[in-house]
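Throughout, read-outs are computed from the coordinates displayed, never taken from laboratory work. If you're wondering where the values come from, they're calculated on a predicted model, not measured in any experiment. Heads up, the Cβs are rebuilt from the backbone with ideal geometry, glycines too, and the neighbour counts pull from every protein chain shown.
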Amino acid sequence: MEEGEDLSFEELSSLKEEKIELNSVNFGVNEGLCKDCGEKLIKILENRSLLDGAITFHIIKLKCPNCGKEYLDLEQAEKYDFLLTLKEAIKQQKALTLLAKKISE
């Protein structure tokens, strides 16, 4: 059968129905090859803390042992983006608190 070719009714009737369950595990990336050097990537866990350890993020990365390049899947990239946004908001809050303190003196 060629791509884009229509199936006859008989051909459609002979097809078997399949059920596939997808969950968040299906979308995670657990292995791969470095796009720069072709080396097999290794999985590493990076812990990042905010507010003196009150909040900790566990970021799972794939790292190339040869060139050191790091990769994140979509879920981990979103988590890392949230970490950076939260870190910047905390930094801004501290700056505003310090400024307000200086103005009130």
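Of GLU18, GLU39, GLU31, the residue with the greatest mean-square motion in the GNM of the chain, using alpha carbon springs below 10 Å, is GLU18.
Relative to the longest principal axis of the Cα atoms of the chain, the long axis of helix 74-104 lies at roughly 20 degrees. Label-to-label distance for LEU86 and HIS58 is 1.4 nm, based on points extended 7 Å past Cα in the beta-carbon direction. For the chain, modelled as a GNM whose springs connect Cα atoms under 10 angstrom apart, the maximal fluctuation among ASP73, ASP36, ASP52 occurs at ASP52.
Candidate values [x] 27, 13, 10; [y] 67, 20, 17; [z] 48, 22, 13 were compared with semi-axes √(5λ) of the Cα gyration tensor in Å computed on the shown model; the agreeing label is [z].
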